Amino acid sequence: MQRASGENYSRVKGLVNRNHLHTICTSGNCPNIGECWNAGTATFMILGDICTRACKFCATSTGKPDPPDPDEPNRLAISIRELGIKHCVITSVDRDDLKDGGAGFWAETVRTVKAVNPGITVETLIPDFDGKPEFIQLVIDASPDVISHNMETVRRLTPVIRTKAKYDRSLSVLKCISGKNTVAKSGFMVGLGETEEEVFETITDIRGAGCDIITIGQYLQPEIGFMEPVEYIEPARFVKYRDFALEAGFKEAECSPLVRSSFHAERHILKAEK
């Protein structure tokens, strides 16, 4: 884990603050912020930094969000251009307060980023939009290069750690994405009390939903008050999970303790395009 300091780190931090943007790197207390920001990359978070859900693993603030900022897509697009980013990852808080869950805003953001940054590739890490295909389609129609939606955990533990989200609903989101010839990606955490068999089942389910890319990382408590890890998974087991995923047909499987969904995302798209 690289130290959260350095010239590029300061440059990214300054630009994010100056343009009033949000990143999951800071909101989610990501352990890889030093490495990613020093490499000049960040996962930008749109639609504010207040989530309408309160999942037990996530440090993002929960409450009543502000209305969407109409200038945010443009500020984000310009910031990406300033940073010289070639592969951009965008995520968002859940916005259950909006009729479309924010899908229309998502689509506008992707189109604006692509218009201001010709040749860029865009990965979107989307919420479930209550599993409604018409909202997911809005994002698909904006033509991001990768659409990701995380399962987060195994079936048995989903009601324990996720708010409102459902295991089968998330699978349906992934099927909707992959069914439209879009590169689909998903990920989940381990160390929450799942069994090895449940991990294999989840990998199989994600592949069955049509995903080409999978990420698996160790759950770490983001702050005091959130769920504590039940177990710290040894590196050898992550290798085992990666081998299983590749044998199941994934084009890329990023599996190690500090892996998060957008970690090394620029490498994933290259594998998926082959």
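Just a few scattered comments:
- Between the amide H of D96 and those of T52, distances stay under 5 Å, these residues lying 5 or more places away or on another chain, with hydrogens modeled in the peptide plane.
- Under the Karplus curve 6.51 cos²θ - 1.76 cosθ + 1.60, θ = phi - 60°, whole-Hz ³J(HN,Hα) for the stretch 139-151, x wherever Gly or Pro sits: 6, 4, 5, 7, 6, x, 7, 9, 10, 10, 9, 8, 6
- In Hz, Karplus ³J(HN,Hα) per residue of the stretch 161-167 (6.51, -1.76, 1.60; θ = phi - 60°; x = Gly, Pro): 10, 10, 9, 6, 4, 10, 4
- Amide H partners (placed H, <5 Å) of S61, local residues excluded: C51
- J(HN,Hα) series, the stretch 174-190, from Karplus relation 6.51 cos²θ - 1.76 cosθ + 1.60, nearest Hz, glycine and proline x: 5, 5, 5, 5, 5, x, 10, 6, 10, 5, 9, 9, 8, x, 8, 9, 10
- The residues packed around D128, meaning those with a beta-carbon under 13 Å from its beta-carbon, carry a net charge of +2 if Lys and Arg are +1 and Asp and Glu are -1.
- Between the amide H of L258 and those of Q218, distances stay under 5 Å, these residues lying 5 or more places away or on another chain, with hydrogens modeled in the peptide plane.
Quick note: the coordinates plus some simple rules give every number you see, no bench work behind them. Bear in mind the structure is a predicted one, so any value in this text is a computation, not a measurement. In this analysis, Cβ positions are derived from the backbone assuming ideal geometry, glycine residues included, and neighbour counts consider all displayed protein chains.
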